[in-house]
Amino acid sequence: MTNELCPNCRVLTDAVVSMFEKEIKEKGEVYNVISRSYNCSMCNTFIRCENIKSKYKKD
């Protein structure tokens, strides 16, 4: 867990991190996108989201 400022509670709380991973095709290339969503652990309000895009490499 990470500490984040909740916009609803207006206090610094532990954030619950949910992670989702998917592959997308864009301009003929395949990318791996990891999305992290941060929610307040006390009231479950959405705080922020991060999307990390990297090139997909086949082994």
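The values are calculated or read from the model by the stated rules, or taken from the named source; none is laboratory data. Worth saying up front: this structure is predicted, and the values here are computed from it rather than measured. Surface accessibility is based on the protein's heavy atoms, side chains included, excluding ligands, DNA and RNA. Shrake-Rupley method; radii C 1.70, N 1.55, O 1.52, S 1.80 Å.
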* Asked: Under a 1.4 angstrom probe, counting protein chains only, how are GLU23, GLU4 ranked by accessible area, largest first?
  -> GLU23, GLU4
* To do: Leaving ligands, DNA and RNA out of it, rank LYS27, LYS53 by accessible area with a 1.4 Å probe, largest first.
  => LYS27, LYS53
* Asked: Taking a probe of 1.4 angstrom, what is the accessible area of SER35 in Å², to the nearest 10?
  -> 30 Å²
* To do: Provide, as a two-decimal number, the C-alpha radius of gyration of the chain over 2.2 N^0.38 Å, N being how many residues it has.
  => 1.45
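Find the relative contact order for the chain and round it to a whole percent, using C-alpha pairs within less than 8 Å whose residues are 6+ positions apart.
This gives 30 percent for the chain.
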* Asked: So what J values fall out for the stretch 33-45 if you push phi through Karplus, 6.51 cos²θ - 1.76 cosθ + 1.60 with θ = phi - 60°, rounded to Hz, Gly and Pro as x?
  -> 10, 10, 10, 10, 10, 10, 10, 5, 6, 8, 10, 6, 6
